[in-house]
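The values are calculated or read from the model by the stated rules, or taken from the named source; none is laboratory data. Keep in mind it's a predicted model, so treat the numbers as computed, not measured. Because the Cβ atoms are built from the backbone with ideal geometry, glycine has one as well, and the counts that use them run over all protein chains shown.
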Amino acid sequence: MLEALFQGGDALRTAGIISALLSCFAFLPYIRDTLTGQTQPQRACWLIWSLLGSIALGSQIYEGASASLWFAAIQVGGTIVVFLLSIARGSGHFLKPGDGYVLAAAAVGMGLWMITETAVYALAITITISMLGGAVTIRKAYLAPRSETMSMWVCSCIAATFAVLSVGTLNWVLLAYPIYLLCLNGGIVVSIIMGRTRPALQHTDTSMIPRQG
């Protein structure tokens, strides 16, 4: 189906560029809120996400991704920008208790990549670890929907959709990362909508719950 929809290289590049532009637009509200002090990114979370995203991007390059790289590159770039802003405007330590296990798991994935010369292991571990942070954000979005910027997640969801289309073939290694982000961002959007339509919103302290970027 994907091959039938996007057979031409120009169409794939267009989808990739659209996904990148939407990703840029999605990060702008979060970066703006960080600069104005309305949002204080958790330094440890954004550091971990920057490292995991960089590994995922590297694995996509290694496995031969082309048009879909626009999306992955912007996602990683935006995450790194938020982390750099968090150094001066964020909160928390750079590494929390337990983050060593995350780094160790990422190192295992990198080691398997080097030994087997396939990036699938590193990508699988990266996505698995990222899912844990994503689950926290989905829960937070439902319990405190007003604390999230809906436009960021909607744009990210649409961007991920175009990134999936830009792969242009049923290569599950290349599709894994954008499909994961499509499901994650879509889940957050649904959680925000469900949270906002509840009969009565309960006050929830979200100061200790990190946000996903």
Index of the failed condition, residue 116 passing every other in (1) closer than 25 Å to residue 74 by Cα; (2) loosely packed, with under 14 Cβ neighbours inside 10 Å: (1)
The lone exception for residue 11 - which of (1) of a type in the set (A, V, I, L, M, F, W, C); (2) modelled with pLDDT of 85 or more; (3) more than 26 Å from residue 114 (Cβ to Cβ) it fails: (2)
What single numbered condition from (1) of a type in the set (A, V, I, L, M); (2) within 19 Å of residue 53 (Cα to Cα); (3) over 14 Å from the mean Cα position of the chain (by Cα) fails to hold for residue 152? (3)
Would you pick out the residues in segment 59-77 that are part of a helix (DSSP H, G or I) and either more than 12 Å from the chain's Cα centre (by Cα) or in contact (Cβ under 8 Å) with a residue 12 or more places away in the chain (or both)? 59, 60, 61, 62, 69, 70, 71, 72, 73, 74, 75, 76
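Of the residues in segment 22-41, how many are within 27 Å of residue 122 (Cα to Cα) and either surrounded by fewer than 24 Cβ atoms within 10 Å (Cβ to Cβ) or over 16 Å from the mean Cα position of the chain (by Cα) (or both)? Write out each step before concluding.
In the first step, residues of segment 22-41 are kept if they are within 27 Å of residue 122 (Cα to Cα); the result is 22-24, 26-27, 41.
After this cut, where a residue has to be either surrounded by fewer than 24 Cβ atoms within 10 Å (Cβ to Cβ) or over 16 Å from the mean Cα position of the chain (by Cα) (or both) as well, the list is 22, 24, 27.
Here the count works out to 3.
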Residues satisfying the stated conditions in segment 179-197, i.e. of a type in the set (A, V, I, L, M), in contact (Cβ under 8 Å) with a residue 24 or more places away in the chain and either within 23 Å of residue 74 (Cβ to Cβ) or in a loop (DSSP other than H, G, I, E, B) (or both): 181, 182, 184, 188, 189, 192
Can you confirm whether residue 176 is over 24 Å from residue 37 (Cα atoms), over 10 Å from the mean Cα position of the chain (by Cα) and either assigned to a helix (DSSP H, G or I) or basic (Lys, Arg) (or both)? yes
Being among the β-branched types (Val, Ile, Thr), within 20 Å of residue 45 (Cβ to Cβ) and either at pLDDT 90 or above or surrounded by 21 or more Cβ atoms within 10 Å (Cβ to Cβ) (or both) is the requirement here; does residue 137 meet it? yes
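Any chance you could count how many residues in segment 36-58 are not in a helix (DSSP H, G or I) and not β-branched (Val, Ile, Thr)? Give the derivation first.
As a first pass, look at segment 36-58 and keep what is not in a helix (DSSP H, G or I): 37-42.
Filter once more, so that each one left must be not β-branched (Val, Ile, Thr): 37-38, 40-42.
Adding up the residues that qualify gives 5.
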Are there any pairs, at least 6 apart or on different chains, whose C-beta atoms fall under 7 Å, with the first in segment 133-145 and without any contact (Cβ under 8 Å) to a residue 60 or more places away in the chain and the second assigned to a helix (DSSP H, G or I) and surrounded by fewer than 19 Cβ atoms within 10 Å (Cβ to Cβ), and if so, which? 138/187; 142/194; 145/196
